[in-house]
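Step one of this worksheet: look at the structure below.
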Amino acid sequence: ALLEGISKVMLAQAQEVVFAKATAKSMKPELVAKICKSASELYGEAIAVVVRQKELDGQWTMHLRAKCDYYASEAEYRMSIHHEEKGEWGRCVARLREAVRVAHGAAGVANGLPFASNIAEYIAKVAGVLKKAEHDNQLIYTETVPSTSSLDIISG
């Protein structure tokens, strides 16, 4: 079972590399969102295996949870860019709100971990984008912002 967990972590880390390459090559946001969602799901699967292992300390679980939430947030953020490109302003705002919400969850469990400052910087960036998007939608586009549960699921 431990090897299964390690395997899931390694696959998730491979998705992180694919994410880095996709962002460096400026791939379509919808594709990058799917890559992020896949990484998040793999980290989630690794968490399920790791929590059953009594030999591992809680730091492992916290680390994996932070990564899982971070990539789930990135998926929402990248989909917000996709919606913005399509002129779907309400959906863009909804995705950004969800990205910020999930990123705060990642920050909550990343406290004390080496990449906690990266998550804090990411939250500041996405929160700034959200503030501008909400302002623009309120003044210019006036689209209804749907609930997060009504948005299409990002498939990984």
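The values are calculated or read from the model by the stated rules, or taken from the named source; none is laboratory data. All values reported here derive from a predicted model rather than from experimental measurement. Cβ sites come from the backbone with ideal geometry, for glycine too, and all protein chains shown count toward neighbours. Remember, those area values only see protein heavy atoms, side chains included, never the ligands or the DNA or RNA. Shrake-Rupley method; radii C 1.70, N 1.55, O 1.52, S 1.80 Å.
Take each of the peptides 93-104, 17-28, average the number of other beta-carbon atoms within 10 Å over its residues, and list them starting from the highest. Let's see the in-between values first.
Values: 93-104: 22.3, 17-28: 12.8.
So the peptides 93-104, 17-28, ranked by packing, come out 93-104, 17-28.
Per-residue Karplus couplings for region 37-42, computed as 6.51 cos²θ - 1.76 cosθ + 1.60 with θ equal to phi - 60°, are listed in order as 4, 4, 4, 4, 5, 5 Hz, Gly and Pro entered as x. Near GLU143, once Lys and Arg are set to +1 and Asp and Glu to -1 for all other residues with Cβ below 9 Å from its Cβ, the sum equals 0.
What FRET efficiency would be calculated for the residue pair GLU121, ALA1, taking the C-beta separation as r and a Förster radius of 30 Å, to the nearest 0.05?
Values: r = 35 Å, r/R0 = 1.18.
Step by step, r from the Cβ atoms, then E = 0.25.
Which residues does a label at MET27 reach in region 71-88, if reach means a backbone N under 20 Å from a point 7 Å past the Cα toward the Cβ? Answer for region 71-88: 71-86. SER150 exposes around 70 Å² of accessible area when a 1.4 Å probe is run over every protein chain in place. Both radii come from the Cα set of region 84-156: Rg as radius of gyration, Rh as Kirkwood radius; their ratio Rg/Rh reads 1.04.
Judged by the mean number of other Cβ atoms found within 10 Å, the most tightly packed of the peptides 137-145, 63-71 leads the ranking 63-71, 137-145.
Whole-Hz Karplus values for region 25-34 come out as 8, 6, 5, 4, x, 5, 5, 4, 4, 5 Hz, taken residue by residue from phi with 6.51 cos²θ - 1.76 cosθ + 1.60 and θ = phi - 60°; glycine and proline positions read x.
With both labels modelled 7 Å from their Cα along Cα-to-Cβ, the ASN111 to LEU151 distance reads 2.6 nm.
For region 47-86, GluC sites (Glu not before Pro) meeting the loop criterion (DSSP other than H, G, I, E, B) and having at most 14 other Cβ atoms within 10 Å: GLU55. Match the structure shown to one of the listed values (1) 20.4, 74; (2) 16.2, 56; (3) 29.3, 99 of Rg and Dmax of the Cα atoms in Å, computed from it, and give that label. Step by step, Rg and Dmax of the Cα atoms in Å for this structure corresponds to label (2).
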